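The structure under discussion appears below in the form of structure tokens.
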């Protein structure tokens, strides 16, 4: 009964947030000003005469001219990727701040992502391995007895404390059963 | 006899004593001769004395303008004020390496004085490792990168310091960051000592954790100061540009953060020993990489102040460190078995593993991006740089998940958490996130990523504050007034609540970063007197330029009025400083005015005579939160490592056997104390 009520509450909150987001981002998608669009494109391009600055950030004359060109092209109706493509065709890949998703520079993107995914997978298997191991090992094994007892006591306190807290919590103030925790 | 000669003599003597310490400490440990170990300790103090002497010699050479010393002539001039002359000490490569070595010797001396607290078996090996590192630096200082080399003919005046370095930031940021890099030596020395002796117990862990916390705090300070300096000096409206050198400073900080979390698993459960050792070694290797990268100029960066050929020395040293550590590691591997088994993925341990995966993921992605120009050069003979958009797209989402995990992690119990308890714990934070997600789009935050990020931040802030509140309330119910209950929580369970403060600081910092990343507004304009710039609800009216001539510097400032919401606020004077000796590098005087949580950032990009100026204006929302968050993080770090009074520890230890011997009902009354003491008590 209580479980259902909190579930319904969560559902209602999710629905409200969802509908606001739906309205704000899909029905009335944000309009960017020309300045913002110029800045977006310029920050994708590298200033070729500076050390480690983008066209958007650099005060160099060349960058100022490039920002002017970007503004003109955007005003004449070109899309952002078209403008970036225009600069790539003139200066080559080295003008791009972020490596394109093709060729050698694909490596720049794929290696970290692959490693992160690999790490997640490894973590998953390690966790599962540990989990099944601990299922056949009784909890007392592996450590000194008092340590584990202490550990269990701690857990017991935590549960008691939490139950105590929940009892006075206006949001969750309903009766809870006595300490019979499903440990899943 | 010049002071610089004294400096050289002191360096060579320091080198001699450092080598002596290494041999004597190892001999003393293997033959078990306590006299030799005592001698090694005194010898470490001697090394730091001679390094202090050498540093004093360099400082005096600077302050007395001894331009016969090449390093002094290249990095200072007669016209510089005394504080910049003194800070020119670490303005170039030789001096900053001397500073590194000096700090290492001072920290080693501090270690000697505190050696009673560390496990006695480890002390000689820690000393030997520290002095091994010191030896490398002293060899470099005495040969290829000697700050005391004299010119055949002294110059009448020096070249002076790069104008970018003539900033108050110079006085605090480089010493902090170099000290940060250096400080990772101590945990590394502990790791080496533990691998040699095979003593990786809880006592070892306590020592190494404390030193790592110190390193972490110093590095945090260095990073925040660096960001602050960039914001005030570089003029592009931001504070973090994913520059290779900035990345290099971030990398050891990330692995140190990972270690501080995963070591808690070892402290509590005796697991992850191998992993923790690798994190300590990685932190040190990355800090050497950072020191080396700035020096070598292999990767182009805005920090191109100090280039030289000593890169090869550092690369060799890095190689030795890595090979030596891996060798020891393999030798010690059989002893590194976990003491306990893992129970459940939904537990504190599980969340620490996730935290480590994400932190190491960010570290790797950042390192990969930093090194990519070299990799692409090796493969295709074309230097392809990786810029901020790459890091924002790869690291940004990982950081958001990390902040989310930061909110959930502390709510999970060790070993396993009942899903019901978790659901109840998550209720209030989730409500905070939902309110944030519902309100922000309606008040005009129209970027979907910014909304997600803000919702995550409010979730985590809600989770932390709720957790603190619950602790306070439990204590209050046992008869303490609220303020005292709050104070007692921090007083008694420093590590736990210090950690929450750090997390809260990071959330504040993240909110600042999100705000300035997504909502920065920028405008450029060429202005004549009387013309104005309108940007958001601010209006700037230009009046003209003011040119002031000083003997060594010319300062040009533009005068502007700031109007906000139709009311005149104040006059601002963004400008440029032209040092006579660096006429082609005008340093900027950026005007930053803070209104509430929004910065008005005005930069004079260019000027023509007295009546034309190119002005670049940024509106940077929430940036003050970045500095505030940094301060809060530092505060939390200090709370964590500040030594607890001995009496406290006795108290906590007393409490445990009592709790075990008494019946359950009684224990619940003191439950709050025991539960919240979990980090300290074990």
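Bear in mind these aren't lab numbers, they're just calculated from the coordinates by the rules spelled out. Computed from a predicted model, the values in this text were never measured in an experiment. As a convention, Cβ positions derive from the backbone with ideal geometry for all residues, glycine included, and neighbour counts pool all protein chains shown.
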What whole number of Å gives the distance from the Cα centroid of the stretch B:55-70 to the Cα centroid of the stretch A:28-95? 48
Nitroxide proxy distance, nm - points 7 Å out along Cα→Cβ at residue B:35 and residue B:392: 6.7
Between the stretch B:508-545 and the stretch B:428-443, how far is it from one alpha carbon centroid to the other, in angstrom? 29
Part-to-part distance (alpha-carbon centres) for the stretch B:362-410 and the stretch B:569-636, which is given in Å: 29
Cβ-based exposure ranking for B:267, B:349, B:567, in which fewest neighbours within 10 Å come first: B:567, B:267, B:349
Summing -39500 (n - 2.57) over the DSSP H runs of n ≥ 4 in chain B and dividing by its residue number, what mean residue ellipticity at 222 nm do you reach, to the nearest 500 deg cm²/dmol? -22000 deg cm²/dmol
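What FRET efficiency, computed as 1/(1 + (r/R0)^6) with R0 = 35 Å and r the Cβ-Cβ distance, is obtained for residue B:49 and residue B:82, rounded to the nearest 0.05?
In this case the efficiency is close to 0.85.
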Could you order peptides B:186-197, B:166-177 by the average number of other Cβ atoms within 10 Å of their residues, highest first? B:186-197, B:166-177
Go ahead and run the numbers for FRET between residue B:442 and residue B:1, Cβ-Cβ distance against an R0 of 56 Å, rounding to 0.05. 0.15
Peptide B:440-452, shielding by other chains (average Cβ, 10 Å cutoff): 3
Cut-off is 10 Å between beta-carbons; in what order do B:406, B:182 appear when sorted fewest neighbours first? B:182, B:406
Neighbouring Cβ atoms within 10 Å as the yardstick, rank A:50, B:457 fewest first. A:50, B:457
Across the residues of B:356-363, average count of Cβ atoms on other protein chains within 10 Å? 3
Label points 7 Å out from Cα along the Cβ direction at residue A:126 and residue B:383: separation in nm? 3.7
Förster radius 41 Å - calculated FRET efficiency between residue A:9 and residue B:477 (Cβ-Cβ, nearest 0.05): 0.95
How crowded by other chains is A:111-117, given as the mean number of beta carbons from other chains within 10 Å of each beta carbon? 5
